[in-house]
Amino acid sequence: MKKEKISIVVPCFNEEEALSIFYREMKKEEKKMRNVSFEYILVDDGSHDHTLDVMKKLSLKDESVFYLSFSRNFGKEAAMYAGLSRATGDYVTIMDADLQDPPFLLKEMYSSIVEEGYDCVGTRRVTRRGEPRIRSFFARQFYKIINRLSNIEMVDGARDFRLMTRQMVDSILELKEYNRYSKGLFSFVGFRTKWLEYENVKRCAGETKWSFFGLFSYALEGIVAFSTKPLVISAFIGLFFFLISFIMIFAILFRSVLFGDPVSGWLSTICILFFVSGVQLFCMAIFGMYLSKTYLETKKRPVFIIRDTNMK
Ligand code: UDP
Ligand code: MG
């Protein structure tokens, strides 16, 4: 009987040190799972270091290793999409190159799909130890907000490390949007998902690629991509201020009829002006975010551009 194949998609951005360590660890894991074959799709997301050389070396000595190298840095979302679209396995998983996604979980993930009939086994970190406190705090708040705003559920601490069946991967690839937010896409397609929990692991080498600002705008992207409630909220804010202004017009009218109209209240007028124009700008910014995403979507630019690969 032909062995089933698992494709491992590895997005890499400046991971020259971590990648070889990752590969070594994965080979150990492979030995424990002799009933399946492996395929590695290493995606070089426009690294400035020798990541691509490491990939080429690995692919020369191991024919199950494939690489895709982007013409520039397109971001992890693009790298994951590229990997998923090229993977040929019966099951596909996405793993970070820094061993923060523990390879030993793979075996259990695979057997959960095969024996228990799940379509997907995801992993979630139950602790964020080793991560800056402020980052964990904002991450938790983000999950609270997005789950309130959006109809699909995003699991706190869920990683992109998940083993999926071919059917689920194909469904994800059917979603052709340019602004890809995988955490949302995974939930959007549905399917039966089992969650495995584990403790946060520190990066094996190299540094995190996420700045605080980078994570913040990624969070905003997620909200814009999977909820239109901010638009509704700004409509309510507008309605609220409309009502207030209505009441105020009447109050001022009565006052000037009853007590005359001495010129005073300049300061309060300015304060109100500043406040209301601030609120207006804020709401306009919300519209703008949706408009800019729509704008990018209509251009139909490719999500990634490949410069070098050993795949057909
Ligand atoms: N990554 C990528 N493109 C980017 C940023 C990151 O392919 O623009 C890869 C990176 O090489 C790593 C994974 O995405 O394999 C996760 O990145 P990182 O470890 O920096 O994120 P963290 O674990 O700190 O959230
Ligand atoms: Mg990491």
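The values are calculated or read from the model by the stated rules, or taken from the named source; none is laboratory data. Please read these numbers as outputs of a predicted model, since none were measured by experiment. Don't worry about glycine lacking a Cβ; one is built from the backbone with ideal geometry, like all the others, and counts go over all protein chains shown.
Remarks
- Hits in the range 125-157 - residues which are more than 27 Å from ILE286 (Cα to Cα) and not basic (Lys, Arg): VAL126, THR127, GLY130, GLU131, PRO132
- Any hit, the range 230-249, residues being surrounded by 11 or more Cβ atoms within 10 Å (Cβ to Cβ), under 26 Å from SER187 (Cα atoms) and in contact (Cβ under 8 Å) with a residue 60 or more places away in the chain: yes
- Of all residues making up the range 210-227, the number that are loosely packed, with under 15 Cβ neighbours inside 10 Å and either more than 16 Å from ligand 2 (Cβ to nearest atom) or in a strand (DSSP E or B) (or both): 4
- Test: residue in the range 151-160 that is without any contact (Cβ under 8 Å) to a residue 24 or more places away in the chain and outside any strand (DSSP E or B): no
- Some residue of the range 138-159 being within 30 Å of LYS28 (Cα to Cα), surrounded by fewer than 19 Cβ atoms within 10 Å (Cβ to Cβ) and away from ligand 1 (no atom under 16 Å from the Cβ): no
- For LYS194, the criteria (1) within 16 Å of ligand 1 (Cβ to nearest atom); (2) within 21 Å of PRO103 (Cβ to Cβ); (3) not small (Gly, Ala, Ser) hold in every case but one, which is (1).
- Checked against the criteria, ILE306 does not count as over 23 Å from ALA79 (Cβ atoms), surrounded by 10 or more Cβ atoms within 10 Å (Cβ to Cβ) and either at pLDDT below 85 or of a type in the set (Val, Ile, Thr) (or both).
- Only one of the numbered conditions (1) within 16 Å of ligand 1 (Cβ to nearest atom); (2) charged (D, E, K, R); (3) surrounded by 12 or more Cβ atoms within 10 Å (Cβ to Cβ) is not met by GLU207, and that is (3).
- Count of the range 153-175 residues which are hydrophobic (A, V, I, L, M, F, W, C), more than 17 Å from LYS76 (Cβ to Cβ) and under 14 Å from the mean Cα position of the chain (by Cα): 1
- Enumeration of residues in the range 171-195 that are touching a Phe, Trp or Tyr at 6+ places or on another chain (Cβ under 6 Å) and surrounded by fewer than 19 Cβ atoms within 10 Å (Cβ to Cβ): ARG192, LYS194
- When the criteria are applied in full, LEU215 meets the requirement of being more than 18 Å from VAL303 (Cβ to Cβ), under 15 Å from the mean Cα position of the chain (by Cα) and not β-branched (Val, Ile, Thr).
- Breaking point among (1) under 23 Å from ASP44 (Cβ atoms); (2) among the basic types (Lys, Arg); (3) away from ligand 2 (no atom under 16 Å from the Cβ), for ARG159: (3)
- Residue within the range 224-247 that is among the polar types (S, T, N, Q), more than 24 Å from the chain's Cα centre (by Cα) and over 27 Å from VAL43 (Cβ atoms) present: yes
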